[in-house]
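This report concerns only the one structure given below.
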Amino acid sequence: MPGPLNAQFAVAVHALTLLTSEGGAPQSSEQMSRSIAANPVHIRRVLGRLREAGLVTSRPGAKGGWHLTRSASAVSLGDVWRAVQGQSPVFGLHGVQPGCPVGRGVTTALTVLDQQLTDSVVAQLDDITVAALIPDFAGVEPG
């Protein structure tokens, strides 16, 4: 069975829980990469989207790193989804021949369904905060 096309949401949530679990101390993308099992460059790209959304900030230098801009209880998973997924479709829609009425119809129907699905996913994610995930990991060392 094929895996997900885009794991940026999971990487973003993992990174935010790491930032919370360390008591708010800044963390480098290299530190986070050990726990997330992803390349630090990929983590920086994901964190860049979170920074654009105002969820994290970074500071360069020896004592720098990434940190949350607000408490984990004030960040919903919906905020994270919107930051990393934006308006990207959930379904992978393919191009169709312009002259094919069946293809146009299927694409239209799937586009509408995709928007409904996205709205439903985001509504559910808006009810869950990053802080709600933290008790599950109490006492667990990252990495």
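If I model a spin label at ALA132 and ALA25 as a point 7 Å from the Cα along the Cα→Cβ vector, what separation in nanometres do I get?
Roughly 2.9 nm, to one decimal.
Which label marks the calculated value of volume of the Cα convex hull per residue in Å³, given the options (i) 126; (ii) 137; (iii) 110?
Here volume of the Cα convex hull per residue in Å³ agrees with entry (ii).
Taking Rh as the Kirkwood radius, which is the inverse of the mean 1/r over Cα pairs, what is the Rg/Rh value for the stretch 12-58?
0.91
How large is ³J(HN,Hα), in whole Hz, for each residue of the stretch 105-116 in order, when computed from phi with the Karplus curve 6.51 cos²θ - 1.76 cosθ + 1.60 and θ = phi - 60°, using x for Gly and Pro?
x, 5, 4, 4, 4, 5, 5, 5, 4, 4, 5, 4
Run the simple label-point estimate for VAL121 and CYS100 please: 7 Å along Cα→C-beta, distance reported in nm.
Going from the VAL121 label point to the CYS100 one covers 2.4 nm.
Using a 1.4 angstrom probe on heavy atoms only, work out the carbon and sulfur share of the accessible area of the chain in %. Spell out each step's value before the answer.
Working: 4980 of 8620 Å².
On the chain, the fraction of accessible area on carbon and sulfur atoms equals 58 percent.
Once the convex hull of the C-alpha atoms of the stretch 1-79 is built, how many Å³ does it hold per residue, rounded to a whole number?
Expressed per residue, the convex hull around the Cα atoms of the stretch 1-79 is 102 Å³.
Sticking with the crude label model, points 7 Å out along Cα→Cβ, report the distance from ARG45 to ALA109 in nm, one decimal please.
3.4 nm
Please grab the % of Cα pairs in the stretch 40-84 that end up more than 15 Å from each other.
Within the stretch 40-84, distances greater than 15 Å cover 43 percent of Cα pairs.
Give me the 1.4 Å probe accessible area per residue for the chain, excluding ligands and nucleic acids, in Å².
On the way: 8620 Å² over 143 residues.
Computed with neighbouring chains in place, this is 60 Å² per residue.
The values are calculated or read from the model by the stated rules, or taken from the named source; none is laboratory data. Keep in mind the model is a prediction, meaning the values are calculated, not measured. Every residue, glycine among them, receives a Cβ derived from its backbone with ideal geometry; neighbour counts consider all protein chains shown. The protein model used for the area step is the full one, side chains on, heavy atoms only, and it has no ligands, DNA or RNA in it. Shrake-Rupley method; radii C 1.70, N 1.55, O 1.52, S 1.80 Å.
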